[in-house]
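Read through the structure below, which is laid out as structure tokens, and then see the notes.
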Amino acid sequence: MTDDSERIKFTPRLLGDDGMPPWIPRLILLVFVGGLGFILTLGIVRVLRGFLILLLISFFLSTAFEPGVAYLAKRGWKRGAATGVLFLLVFVVGGTFLALMVPLIVDQTAKLIEQAPGYL
């Protein structure tokens, strides 16, 4: 066993010469740079918002149409023609759906408005 004179005195240095922990200036710099980067990123996203929305819609459509286009391309169709036919098909089916549903929704809304006083 060692006596007290041989023991190593461990005193951690928590404070710098100016009384502030040595890691605080770096922390302040990192927080400032991180905040500035966040604000700049928000500004860029705000400016490019419309473009990013179009990019997201385009990605969704290309992902949705790829199996159909690949199927038609395998059968000898050109990819451009297959894409055009699929777009036309989607517009025709969507238009038919709207043409069938809008009168029904208008009729149901009119009936709801007529019967609303009875519900209250």
What translational D, rounded to a whole number of µm²/s, comes out for the chain from Stokes-Einstein when the hydrodynamic radius is the Kirkwood one over Cα pairs, at 4 °C and 1.567 mPa s? 56
Between exposed trypsin sites (Lys or Arg not before Pro) in the chain, where DSSP calls loop and at most 16 other Cβ atoms lie within 10 Å, what's the longest gap? 14-74
Quick check on the chain: helices-only [θ] at 222 nm, where DSSP H runs of length 4 and up contribute -39,500 (n - 2.57) each and the sum goes over total residues. Nearest 500, please. -27500 deg cm²/dmol
Nearest 10 degrees is fine. How inclined is helix 49-74 to the longest principal axis of the chain, computing both from alpha carbons? 60
How much length, in nm to one decimal, is gained on full extension between M20 and F87, taken as 0.36 nm per residue of separation minus their Cα-Cα distance? 17.5 nm
Dipole magnitude (debye, nearest 20) for region 26-112, charges at Cβ of Lys, Arg, Asp, Glu: 280
What ranking, highest mean first, results for peptides 84-94, 50-60 when packing means the other Cβ atoms within 10 Å averaged over each residue? 84-94, 50-60
Rounded to the nearest 0.05, what FRET efficiency is calculated for T109 and F38 with R0 set to 41 Å and r the Cβ-Cβ distance? 0.35
Report, to the nearest 10°, how far helix 79-119 tilts away from the longest principal axis of the Cα atoms in the chain, using its own Cα long axis and a range of 0 to 90°. 90
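Read-outs throughout are calculated quantities, based only on the coordinates presented, and are distinct from any laboratory measurement. All of these numbers come straight from a predicted model, not from anything done at the bench. Backbone-built Cβ (ideal geometry, glycine too); neighbour counts: all protein chains shown.
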